[in-house]
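What follows is a set of notes on a single structure, which appears directly below.
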Amino acid sequence: MDGADMDRAGMDRAIVVGGGIAGLALSLALLRQGRQVLLCEQAAAFAPLRAGITLSPAIFA
Ligand SMILES: Cc1cc2nc3c(=O)[nH]c(=O)nc-3n(C[C@H](O)[C@H](O)[C@H](O)COP(=O)(O)OP(=O)(O)OC[C@H]3O[C@@H](n4cnc5c(N)ncnc54)[C@H](O)[C@@H]3O)c2cc1C
């Protein structure tokens, strides 16, 4: 289903559950398509959780 199909189906709004890297990336992609996004995160605030994504220099090559 591409963007035009989603427009025809009335899918111009999305609810994304979870504000981790996946939810944030999906929200950004949908916003860039011009869709309205409601991002729901259960945590009261964004803060480090002992987990992380390590990006080695090679990925930017
Ligand atoms: C200790 C540790 C070290 C790690 N180190 C590395 C590393 O060095 N390199 C690497 O690449 N990866 C690492 N990872 C893995 C990496 O952190 C995860 O793969 C990545 O964060 C997953 O992202 P995600 O968005 O899918 O999920 P998450 O980051 O888990 O985000 C999910 C979000 O959804 C929210 N949520 C869940 N349920 C609900 C609900 N019902 N309603 C609302 N919000 C909800 C949670 O609060 C959370 O914020 C590590 C993980 C851990 C635990």
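Rule-based calculations on the coordinates, nothing more; no lab input. Keep in mind it's a predicted model, so treat the numbers as computed, not measured. Counting neighbours? That spans all protein chains shown, and the Cβs are built from the backbone with ideal geometry, glycine included.
Shape summary: the chain maps onto an equivalent ellipsoid whose semi-axes, from the alpha-carbon gyration tensor, are 27, 18, 7 Å in decreasing order. Using C-alpha pairs below 8 Å separated by at least 6 residues, the relative contact order for the stretch 3-44 is 45 percent.
Each Lys and Arg adds +1 at its Cβ and each Asp and Glu adds -1 at its Cβ; summed about the Cα centre, the stretch 6-61 shows a dipole of about 40 debye.
For the chain, the longest principal axis of the Cα atoms and the long axis of helix 21-32 meet at an angle of about 40 degrees.
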